[in-house]
Amino acid sequence: MRPLHRTALAAAALAVATSVALAGCSGGSDDTRGGADATVRVGLVLEPTSLDIRTQSGNALDQVLIDNVYQGLVGRTADGKVRDVLASSHQVSGDGLTYTFTLRDGATFQDGKPVTAKDVVWSLEDVKAHESYVDADDLASVKTVAATGDDTVTLTLAKPDSDLLWNLTGRAGLVLEQAAGNDRTKTANGTGPFEVASWKQGDSLTFRRNPDYWGAKAKVAKVVFRYITDPSTAVNAMAGGDLDVETAVDGTLKSQLQGTSGVTLHTGKTTDKYTLAFNDQQAPFTDVRVRRAIRQAIDPKAVIKAIGGGGVEQGGPIPALDPGYQDLTDVDAYDPAAAKKLLQQAGVTKPTLTLTYANVYPTAIGDVLTSELADVGITLKVQRVDFATWLDSVFKKKDFDLSMVNHTEARDFGNWANPDYYFGYDNAEVQRLYAASVATTDQTEKVRALQQAAKIVSEDAAAEWLYTATTTTAIRDGVTGFPFDSTTTRLDLADLAVS
């Protein structure tokens, strides 16, 4: 199951840019040019408080460090498939218990040391030995990790795990150098096409091309990320030529960029699940009628309209890009009259509830929910807090009534099978089905088990899934190779270029 750290953190945040402008753009500097010497400015909203890929929670690190700086034996393609990276090939035994990886020749860490089978073994065993590491339980099924040759690593499983290859594309599968002495909280020593040049906390993170990269060299000299939270500021910067890329353009503001000379808007798909979580182990949410009433009181279409149209209805815990998706939008669909009846049956009259969510998400979401719940007799007090406060009070201490967050991580259904997760949702049949989906080596059986489990979660009204976000990325002319899908989860910049 996914541990607590894998919450979704980026969402309605904006990407903005910094550093030197591209040729022909206002706000640029004389030494900026296209081609291999270019600097591309990309901005993000959620900045990590540490660069330690092992211990710092949140997607802010996955988004920029994985693929670009850190790599694993395998990685993900843009459409969610598994590809070989530091492994040149891999084989899985017929019983699903043995995974054999052949290491790629010539791969080195950014300090110049070669990647060895011993480094791989140490990296994976280090994760297994530290429960506090982010995603450490992604390797729970692995019994042993061994170097079975100078360039071969073999993983032996205690039981089949159909998620293992996917899990190895994430933090748990990253290969670090055993002998490295760098301070991971401030620096990074990976194997990717970029290396961390500098980090000005509270302002920007700068990558430079790794000149000794084992694969195709990065096509730009630098990438500068800058953390800007105000949507209007980001849009104005993009329109004014001070950005090269803006991801997650605010839907209510994107019209300001439409028609802007030199800027093109692209729409992408995501697994960003804007989830209205209930504290399922706390009254009145222990009563399924109350949970269903809240779901029926909410019109997802109105929420999507309020945020500028940047989403699609979801209806259940699995988004369309993930295995096990099915259309569950008819479950507890918008029906205020039915919601009122359910509240009456539950004996819950005119309750006052508090909605706590991070202030990086639109105010409009809280406004719509307040209005719609008021229509069925629920008074909603909205409490917008900084993200660090949300992590402490809601995510860690579970001190909340209702909360809203964007769960960006792909294939994270396991959270609903984990009663210790901050939702507090506990259903034995869901847990059994999820375990079955992981244990099977048959993908058809896996999908079937996930569909059954997801339907139970939705019909049990474990939460309300407001929408799956679509994302709008603004790109300046001349910039190519920037990803458009799932930009809050991963930004693989291997193909980023400037003409």
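Things to note:
- Criterion violated by VAL69 - all others in (1) in contact with a Pro (Cβ under 9 Å, 6 or more places away or on another chain); (2) open to solvent by 30 Å² or more (accessible area, probe 1.4 Å) satisfied: (2)
- Elements of the type strands (runs of 3 or more DSSP E) sitting completely within the range 170-235 and holding at least 3 residues that are out of contact with any Phe, Trp or Tyr (no Cβ under 7 Å at 6 or more places or on another chain) and either closer than 16 Å to GLN71 by Cα or touching a residue at least 12 places away in the same chain (Cβ under 8 Å) (or both): these cover 222-227.
- Any hit, the range 472-491, residues being assigned to a loop (DSSP other than H, G, I, E, B) and farther than 25 Å from HIS266 by Cβ: no
- Some residue of the range 439-449 being buried (at least 22 other Cβ atoms within 10 Å of the Cβ) and within 23 Å of the chain's Cα centre (by Cα): no
- Candidate set: the range 361-399, residues that are more than 25 Å from ALA302 (Cα to Cα) and hydroxyl-bearing (Ser, Thr, Tyr); chosen: the one most open to solvent (accessible area, probe 1.4 Å): THR389
- The single condition among (1) outside any loop (DSSP other than H, G, I, E, B); (2) at pLDDT below 95; (3) aliphatic (A, V, I, L, M) that VAL249 does not satisfy is (1).
- Residues in the range 458-476 that are of a type in the set (Val, Ile, Thr) and within 21 Å of the chain's Cα centre (by Cα) were compared, and the one that is nearest to ASP272 (Cα to Cα) is THR468.
- Where a residue in the range 353-368 is closer than 15 Å to TRP390 by Cβ and its partner, wherever it lies, is open to solvent by 10 Å² or more (accessible area, probe 1.4 Å) and in a strand (DSSP E or B), with Cβ under 6 Å and at least six apart: THR354/LYS381; THR354/GLN383; LEU355/LEU380; LEU355/VAL382; THR356/GLN383; ASN359/ARG384; GLY366/VAL382
- Residue selected from the range 263-288 under the condition within 15 Å of ALA320 (Cα to Cα) and not β-branched (Val, Ile, Thr), by the criterion most open to solvent (accessible area, probe 1.4 Å): LYS269
- For the range 307-347, the candidate set comprises residues that are at pLDDT below 95 and among the aliphatic types (A, V, I, L, M); within that set, the residue that is farthest from GLU459 (Cα to Cα) is ILE307.
- The set of residues in the range 85-121 being under 18 Å from ASP163 (Cβ atoms) and in contact with a Phe, Trp or Tyr (Cβ under 6 Å, 6 or more places away or on another chain) consists of ALA87, HIS90, VAL92.
- Whichever residue in the range 162-179 is open to solvent by 10 Å² or more (accessible area, probe 1.4 Å) and under 22 Å from the mean Cα position of the chain (by Cα) and, among such residues, is farthest from PHE109 (Cα to Cα): SER162
- Residue match in the range 123-146 (condition: in contact with a helix residue (DSSP H, G or I) (Cβ under 8 Å, 6 or more places away or on another chain), open to solvent by less than 20 Å² (accessible area, probe 1.4 Å) and in a strand (DSSP E or B)): yes
The values are calculated or read from the model by the stated rules, or taken from the named source; none is laboratory data. Bear in mind the structure is a predicted one, so any value in this text is a computation, not a measurement. Cβ sites come from the backbone with ideal geometry, for glycine too, and all protein chains shown count toward neighbours. Only protein heavy atoms, including side chains, enter the accessible area calculation; ligands, DNA and RNA are left aside. Shrake-Rupley method; radii C 1.70, N 1.55, O 1.52, S 1.80 Å.
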